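S.K.: Here it is, the structure in full.
The values are calculated or read from the model by the stated rules, or taken from the named source; none is laboratory data. Values in this document were obtained by computation on a predicted structure and should not be read as measured data. Positions of Cβ are backbone-derived with ideal geometry, glycine not excepted, and every protein chain shown enters the neighbour counts. Quick note on the areas: whole protein, heavy atoms, side chains included, nothing else; ligands and nucleic acids left out. Shrake-Rupley method; radii C 1.70, N 1.55, O 1.52, S 1.80 Å.
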Amino acid sequence: MSGIRVLVAGASIAGPALAHWLRRRGAEVTVVERAPELRPGGQAVDARGVTKEVIRRMGLDAEVRAACTQTIGARTVDSDGNVLNAFHVEDDGGDGFIAEIEILRGDLSQVLYDDTRDGVEYIFGDRIAELSQDADGVDVVFASGGKRRFELVIGADGLHSALRAMVFGPHEQFVRHLGHALAFYSVPNEFGLDKWLIEYQEGGRSAGLRPIQDATRAMAMFSFPATDLDVDYRDIDAQKRLLRERMAGFGWLTEGILAHLDDTPDFYLDQVAQVMMERWSNGRVALLGDAAFSSSPMSGQGTGLALVGAYLLAGELAAAGWDPAAGFAAYERRMRPFVEANQEIAQLNARSRDIPGPDAEPAPDFSGEWFGELIERAINGVELPDYAGVPDTRAHQGS
C-alpha cells in the first residue's frame, strides 16, 4: 500500500470513479463535494464501446445495468406527434444513438458512491477555499476552516470547476460555448411515454421526453440556441424564466411539459460548452472529466470520458510510482486523442442544430465514411492497459 493521500474535488461521476481506482491502487482518498448531498436525476448518460469495459473492470456491470433507464429506442416526431424516424437500442451493437447502457446521471453517481463510500472519506457541504503546493505536497484550506495536506489534488468538479479557476486561470480562458443551451427535469408521466424517447425539433430548438425507471415519471429535455446566454448557473429561478421565454410557442407537448417547471425536484440548465486546455496538470494538481476536457452533452460521451479518464489517471499514477510529472503526462498522452475525437463530434452535432443563415457554416454531411471512422475513434479509440504490475486490492472482474 502506498498510503499516498489524494484529495478529489467533486462527487458526481468522475470523482467517485477516480476514487474507486485510486483506492484499488493503494491510495488514501478524500472526496470533497460542495453540495450537501448527491444530486439526483439529470440527463441520461451513456456507456459505449471501451467505457463498458471500464465498468466491467470496476466490477459494477450488474449494478449499472440494474439502474439503467430501460429505454428501447428513440423516435423523432412532428408537431402532431407523427413518427419521422426511429432508432433502436440494438442498433450498432448497442453503441448507437440509444446506447444499451443508458442511466440517469444521478443514478450512476449513486452507484459509484455506494461502491466507494466504505473505503473513501467523503466530505459533503464543503469545498477547497485555498490551495498552495510545494515539491512534496499540497496544503489545502477548506471553506469550513479545516486545513489538510495531500500529496496530490485532482479536480473533478465539472464544467464550472472552481479548482481549475484557482490553479490554471479564469473560466473564460478555457470554456468554449457551442451556441446552445440544454435543460432537463423530471415530470409526471402524463404523456403516455412507454420505454421510447420522443423528440420534436424545429428551427434550432427541440423538446423531448425520455423514459426513466419510475414509469410514473419522465425526464423532460429542451435545447435552444443560446449564443447570448448570460444567466448565473446557480440561479435556478432565472434559468426557469429563461427556459420559458426561449421555448414559448414551440408547439407539440411543450406547454404541458413546461407546466411542471415549478414543482420539479431536479431542474438543470446550462450552456453547451467544451473545455479546451493545453495541459490538464500543474505540479501536483490535475483535472479530470468535464473540468479538464468537457465534450458537452452534444457528444453523448461525457460520461465515457470521465470513466475512462479515471481508469487511466489512477493507473498511470500508480505505474509511475505516484510521481505526478510522469503519471500526469502519461495519462494525458493516452487520453488526448480520445478526447479530441469526442469534442469534434459534439462540435459537428451543435453545427447541425444551428439555424441556417447567410453567415452560417453549411450543416455537416454525416453520410460520409469519414464520420463512421470518427465515431469509431470516439467510442473505442483509446487503449486500456491492464496495469498488471500495479497494485490492485481487488482483482479485475471476469477474464
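S.K.: Please work out if ASP115 is in a loop (DSSP other than H, G, I, E, B) and at pLDDT 95 or above.
M.R.: no
S.K.: Within segment 218-245, how many residues are surrounded by fewer than 18 Cβ atoms within 10 Å (Cβ to Cβ), outside any loop (DSSP other than H, G, I, E, B) and of a type in the set (Lys, Arg)?
M.R.: The qualifying residues number 2.
S.K.: Out of ALA220, ALA215, I need the residue that is out of contact with any strand residue (DSSP E or B) (no Cβ under 8 Å at 6 or more places or on another chain), touching a residue at least 12 places away in the same chain (Cβ under 8 Å) and within 20 Å of ALA44 (Cα to Cα). Which one?
M.R.: When all the criteria are applied, what remains is ALA215.
S.K.: Can you name the residue in segment 88-127 that is touching a Ser or Thr at 6+ places or on another chain (Cβ under 6 Å) and open to solvent by less than 50 Å² (accessible area, probe 1.4 Å) and is also farthest from ILE154 (Cα to Cα) among such residues?
M.R.: Across segment 88-127, the extreme among qualifying residues is ILE98.
S.K.: Now a separate question. With ALA67, ALA143 as the choices, which residue is hydrophobic (A, V, I, L, M, F, W, C) and under 21 Å from the mean Cα position of the chain (by Cα)?
M.R.: When all the criteria are applied, what remains is ALA67.
S.K.: Counting only residues that are of a type in the set (Phe, Trp, Tyr) and assigned to a loop (DSSP other than H, G, I, E, B), how many does segment 177-217 have?
M.R.: 1
S.K.: I've got another one for you. I'm trying to understand the selection: among the residues of segment 262-305, which are surrounded by fewer than 18 Cβ atoms within 10 Å (Cβ to Cβ) and in contact with a Lys or Arg (Cβ under 6 Å, 6 or more places away or on another chain)?
M.R.: MET276
S.K.: Something else now. List the residue pairs whose Cβ atoms are under 7 Å apart, where the first residue sits in segment 364-383 and is touching a residue at least 40 places away in the same chain (Cβ under 8 Å), the second is of a type in the set (Gly, Ala, Ser), and the two are 6 or more positions apart or on different chains.
M.R.: Short answer, once both residue conditions are applied: ARG377/ALA341; ALA378/ALA341; ILE379/GLY49; ASN380/GLY49; GLY381/ALA341.
S.K.: Residue pairs, Cβ under 7 Å, 6 or more apart or interchain, first in segment 76-90 and aromatic (Phe, Trp, Tyr), second in a strand (DSSP E or B). List them.
M.R.: Sorted first by the residue in segment 76-90, then by its partner, the pairs are PHE87/GLY73; PHE87/ALA74.
S.K.: Taking only segment 344-382 into account, find how many residues are open to solvent by 60 Å² or more (accessible area, probe 1.4 Å), of a type in the set (S, T, N, Q) and modelled with pLDDT under 85.
M.R.: 1
S.K.: So if I check each of ALA207, ALA183, which one is buried (at least 21 other Cβ atoms within 10 Å of the Cβ), more than 30 Å from LEU287 (Cβ to Cβ) and touching a strand residue (DSSP E or B) at 6+ places or on another chain (Cβ under 8 Å)?
M.R.: The conditions single out ALA207.
S.K.: Given the criterion within 30 Å of THR227 (Cα to Cα) and out of contact with any strand residue (DSSP E or B) (no Cβ under 7 Å at 6 or more places or on another chain), identify the matching residue among ALA341, ALA330, ALA291, ALA319.
M.R.: None of the others qualify; the one that does is ALA341.
S.K.: Is segment 98-107 home to any residue that is among the aliphatic types (A, V, I, L, M) and part of a helix (DSSP H, G or I)?
M.R.: no
S.K.: Among the residues in segment 65-85, are any open to solvent by less than 10 Å² (accessible area, probe 1.4 Å) and of a type in the set (Gly, Ala, Ser)?
M.R.: The answer is yes, given that some residue of segment 65-85 is open to solvent by less than 10 Å² (accessible area, probe 1.4 Å) and of a type in the set (Gly, Ala, Ser).
S.K.: Let me confirm something: among VAL64, VAL45, VAL32, VAL6, which residue is in a strand (DSSP E or B) and out of contact with any Ser or Thr (no Cβ under 9 Å at 6 or more places or on another chain)?
M.R.: Details: VAL64 fails: in a strand (DSSP E or B); VAL45 fails: out of contact with any Ser or Thr (no Cβ under 9 Å at 6 or more places or on another chain); VAL6 fails: out of contact with any Ser or Thr (no Cβ under 9 Å at 6 or more places or on another chain).
Among VAL64, VAL45, VAL32, VAL6, only VAL32 is in a strand (DSSP E or B) and out of contact with any Ser or Thr (no Cβ under 9 Å at 6 or more places or on another chain).
S.K.: Might you let me know whether segment 160-168 holds any residue that is open to solvent by less than 20 Å² (accessible area, probe 1.4 Å), among the aromatic types (Phe, Trp, Tyr) and in contact (Cβ under 8 Å) with a residue 40 or more places away in the chain?
M.R.: Within segment 160-168, not a single residue is open to solvent by less than 20 Å² (accessible area, probe 1.4 Å), among the aromatic types (Phe, Trp, Tyr) and in contact (Cβ under 8 Å) with a residue 40 or more places away in the chain.
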